[in-house]
Structure formats: structure tokens, C-alpha cells
1. Where residues in the stretch 254-287 are among the hydroxyl-bearing types (S, T, Y) and not in a strand (DSSP E or B), which of them is least open to solvent (accessible area, probe 1.4 Å)?
2. Testing L64 on (1) over 24 Å from V142 (Cα atoms); (2) buried (at least 24 other Cβ atoms within 10 Å of the Cβ); (3) among the aliphatic types (A, V, I, L, M), one condition comes back false. Which one is that?
3. Can you confirm whether S94 is in a helix (DSSP H, G or I) and hydroxyl-bearing (S, T, Y)?
4. List pairs: first in the stretch 366-382 and farther than 19 Å from V218 by Cβ, second outside any helix (DSSP H, G or I), Cβ under 8 Å, 6+ apart or cross-chain?
5. Within the group T202, T177, which residue is β-branched (V, I, T) and either open to solvent by 60 Å² or more (accessible area, probe 1.4 Å) or over 26 Å from V308 (Cα atoms) (or both)?
6. List pairs: first residue in the stretch 200-224 and over 17 Å from F374 (Cα atoms), second residue assigned to a helix (DSSP H, G or I) and open to solvent by 50 Å² or more (accessible area, probe 1.4 Å) anywhere in the structure, Cβ distance under 7 angstrom, at least six positions apart or on different chains.
7. With respect to T202, is the statement that it is more than 18 Å from the chain's Cα centre (by Cα), among the hydroxyl-bearing types (S, T, Y) and at pLDDT 95 or above true?
8. At least 1 residues that are of a type in the set (S, T, Y) and either open to solvent by 10 Å² or more (accessible area, probe 1.4 Å) or out of contact with any helix residue (DSSP H, G or I) (no Cβ under 7 Å at 6 or more places or on another chain) (or both) in each: list the helices (runs of 4 or more DSSP H) lying fully within the stretch 300-413 that qualify.
Amino acid sequence: MAALDPREQSAGRDCDVFVIGGGPAGSTIASLLAERGYRVILAEKDRHPRFHIGESLLPHNLPLFDRLGVRQEIERTSMTKHGIEFVSAYHGKSVTYDFANALDRRFPYSFQVRRSTFDHVLLKNAAEKGAEIIENCRINAVEFPKDADPRIEGRDSSGAEHRWSARFVVDASGRDTLLAAQFGFKERNRKHSSAAIFGHFTGARRLPGKDEGNISVVWFDNGWFWFIPLADGTTSVGAVCQAEFLKNRGTDLKQFFMSVIASCPEIASRLENARLVGSVTATGNYAYGSRQASGEKFILVGDSFEFVDPVFSTGVYLAMTMAFHGAETVDSCLRNPRTAPRALKRYDAAARRALGPFIWFVYRIREPAMRNLFMSPRNWFRMEEAILALLAGDVGGSWIIRSRLLLFRAIYY
């Protein structure tokens with residue numbers, strides 16, 4: 001029997017799929033579902049292009065860009081990133097990991113992006129694929145009546161209220177965590193309670209030659225710094241530290257940020273002749289998770305599900321990876337509702353599996369033993385190549401990578 005056209009099943013509804021949030025997760029899943037013929041509405045609380053942090057991408061983002069058809073446009077406005085530099089004052093040196101040396105040699109580079117530009121590219125792509133985009137509209141609540149379609153309520157910038165019904169809801173609301181908060185799923189990550197403070201600078205001293213576009217991760221007494229060079233000449237600089245350290249700052253945000261920079265000689269040296277542009281921003285409760293990634297007629301994707309310390313620049317990659325899994329899940333649920341419970345269970349497992357390889361490292365990244373291992377790389381049994389595969393975003397994990405990462409853990413302990 002021929003499959004039903006998804007568009008023929010949406011009579012009497014505003015849409016088949018309602019996506020909350022227009023970041024990388026929301027735009028990606030909206031594109032993929034619109035391509036499959038579903039009527040998709042995406043509501044975004046801001047108007048693009050808009051500021052966002054998280055500018056460093058992973059090499060395994062590249063095939064996702066290819067599948068969406070946006071790689072060339074992203075590459076045109078980005079800085080090429082060939083690797084990651086780790087800097088430790090405790091060891092008196094820096095170590096660079098080049099993606100070209102990973103076990104999988106197909107993805108030797110990635111990009112540093114202005115998120116305002118990058119996210120706008122993905123949102124426009126969703127519109128071009130057929131998704132209806134509604135900007136300046138904040139979704140306030142979603143109801144899931146028994147034996148009826150979900151109902152979505154929102155308010156636009158003029159204060160006008162809007163309501164929709166849909167067969168399925170995708171929460172890509174990011175750190176707003178709309179559904180996780182509404183259902184009480186959200187939990188603070190007590191294993192890694194952290195906060196971040198960041199700003200953008202012009203005139204920062206960058207690495208020479210091919211390494212100019214590399215991200216630098218610099219450890220200091222209270223946490224670690226990111227140093228991300230962007231193609232327009234600005235550099236994103238931020239410190240991730242214990243939440244208590246930020247809470248007890250005792251001064252205004254800019255002064256505090258400058259004092260934190262001064263406490264890290266490597267970052268202070270690179271910013272000696274630099275100028276802060278724009279404001280300094282801080283965010284607390286930086287790491288959190290949700291007890292589940294899905295429920296009847298909804299899924300959570302990207303940061304709406306979980307956010308971990310960004311030391312390995314995983315945010316955009318994990319958001320888009322979950323969106324690809326999520327598109328398959330939504331399609332399965334809508335085409336064959338009887339199989340929806342199994343599809344949602346598989347999605348939950350896939351979401352946790354994508355995060356799993358990173359979390360063990362993230363929880364220990366500030367530990368002296370972990371710093372020692374990263375600052376003294378050895379390719380015994382191809383362990384360094386396996387670590388590079390992880391840093392590049394290879395969360396699929398062949399048995400070779402998994403076995404080497406287990407060996408790395410054993411050496412750590």
C-alpha cells in the first residue's frame with residue numbers, strides 16, 4: 001500500500017509539527033521534516049540575525065552541513081579551525097591537537113563562526129525547504145490534552161497572543177528548556193556546577209600561520225578560558241568557572257571579567273593590546289540536564305534536553321545530531337503512531353548515547369590528572385588518535401575508538 005502523503009494528514013490542524021526555537025537544533029529539524037513533506041511551523045522568540053555564544057564547531061559538523069546543503073555558505077563567512085590548543089601554566093607549555101591526525105582522516109578541519117550569521121543561515125534554509133518561520137514570538141506553554149492534538153500558546157512582540165494545534169511538538173527552546181521546566185524534568189547538574197562570563201575583543205594576539213583559527217583552551221586556577229578567533233577580526237573570550245566563584249564577585253561584571261583575565265597570564269598577554277567591544281555577559285546554572293528527552297507527542301532537542309561544560313565545543317554538533325535523530329523519530333511517530341513508544345525510546349537512547357562519550361571527560365577536565373594526560377600526549381595503542389576522534393565529534397565510536405578511550409580511562413584512574 002502506498003504511503004500517505006504527510007501533507008494530506010494535517011487537515012483541521014495548523015501544522016503537523018510545531019518547532020519551538022530557531023537555533024541550530026530547531027532550524028535543522030524543521031528543514032529535515034519540511035523536506036519530507038510535513039507542514040512545519042517554527043516559532044523563534046527573537047529576530048535573526050541575533051547574538052548567541054558558542055562559536056566553535058567540530059569537524060563532524062561538516063557532513064551535517066552537506067546533508068542540509070549549507071556548507072558553502074557557512075564556509076564563506078567562517079574561519080577555518082584545524083585543531084585545538086590546550087595551554088597549562090602548571091606545565092609551562094601548550095599542546096596542539098590537529099584534527100588531521102584523528103583516526104578518521106576524512107574531516108581535518110572545522111569552522112569558527114559568528115553565531116548570528118551561522119544561525120541565520122540555518123533558519124533561512126528551513127524557510128527555503130518549506131517551513132513557516134514566525135519570529136519575535138515567545139512560546140509560553142504547551143498543553144497535551146488526552147486523545148487530542150497538542151495546543152501551543154505564544155505571545156508576539158506586540159503583546160498579541162497566538163494559539164496553534166499540531167500533531168507533534170519539538171522543543172528546541174535551548175536554555176529556556178520550556179517543556180523540561182514545564183514538566184519538572186529539568187535537573188541542575190550537581191556534578192559540574194559551573195558558570196560562564198564572556199565578551200568579544202578586537203586586536204587580540206592570535207596564533208601564527210595555519211593555527212590562527214584554532215580554539216585555545218587555557219586552564220587557570222578557577223577554571224578554564226576559551227579563546228576563539230572569528231573571521232571578522234574579533235575574538236570571543238570567556239571563562240568557565242565554579243558557580244560560587246562568579247556569585248561572590250563583589251564588583252560589577254566588566255571589572256570582574258577584567259580581573260579574571262588578569263589572573264591568567266596567557267590570556268592577559270594575548271589581550272594586552274586588545275579592546276573590549278560590546279558588553280560582558282554572564283550566565284549561571286551553566287550545566288543541567290533533563291530526566292527524559294521525549295514524551296507522548298513531543299521530543300526535546302539540543303540544549304533544551306541537556307547542556308554540559310562547553311570545553312570540547314560540543315554544543316552545536318550535539319544539537320544538530322539530535323535534530324537528525326529527532327527528524328527520524330517524528331517521522332516514525334506520525335507515519336505509524338502504533339510504533340511511537342518504541343521510536344521515542346530509541347530517541348531517548350540516541351540522545352544519551354551522543355552525550356555519553358563527552359560527559360566522562362567533561363566531569364574531570366579540571367582535575368590535575370586529566371590535565372597531565374592532555375598536556376603529555378602519547379599515541380600508545382593509538383590513544384591520541386582516539387582522543388582526537390572524540391574532539392572532532394566522532395561520537396558514533398567504532399570499536400577501535402571505544403577501546404582506546406576505555407584504555408585512556410584506565411590510565412587516568
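The values are calculated or read from the model by the stated rules, or taken from the named source; none is laboratory data. Not measured: the values here are computed from a predicted model. Methodologically, a virtual Cβ is constructed for each residue, glycine included, from the backbone with ideal geometry; neighbour enumeration extends over all protein chains shown. Note: areas computed on protein heavy atoms with side chains; ligands, DNA, RNA excluded. Shrake-Rupley method; radii C 1.70, N 1.55, O 1.52, S 1.80 Å.
1. So in the stretch 254-287, the residues among the hydroxyl-bearing types (S, T, Y) come out as 259, 263, 269, 279, 281, 283, 286.
Within this subset, residues satisfying the condition of being not in a strand (DSSP E or B) are 259, 263, 269, 286.
Working: S259: 63, S263: 62, S269: 50, Y286: 12 Å².
In this case the residue turns out to be Y286.
2. All conditions are met except number (2).
3. Working: in a helix (DSSP H, G or I): no; hydroxyl-bearing (S, T, Y): yes.
Taking the combined requirement at face value, the residue does not satisfy it.
4. Once the first residue is farther than 19 Å from V218 by Cβ and sits in the stretch 366-382, its partners that are outside any helix (DSSP H, G or I) give R382/L103.
5. T202 is the lone residue from the list that is β-branched (V, I, T) and either open to solvent by 60 Å² or more (accessible area, probe 1.4 Å) or over 26 Å from V308 (Cα atoms) (or both).
6. Within 7 Å, the pairs are R206/E212; N222/F245.
7. Values: more than 18 Å from the chain's Cα centre (by Cα): yes; among the hydroxyl-bearing types (S, T, Y): yes; at pLDDT 95 or above: yes.
Criteria met by T202.
8. Numbers: elements: 315-335, 340-364, 368-375, 383-391, 399-412.
Once the helices (runs of 4 or more DSSP H) in the stretch 300-413 are filtered for at least 1 residues that are of a type in the set (S, T, Y) and either open to solvent by 10 Å² or more (accessible area, probe 1.4 Å) or out of contact with any helix residue (DSSP H, G or I) (no Cβ under 7 Å at 6 or more places or on another chain) (or both), what remains is 315-335, 340-364, 399-412.
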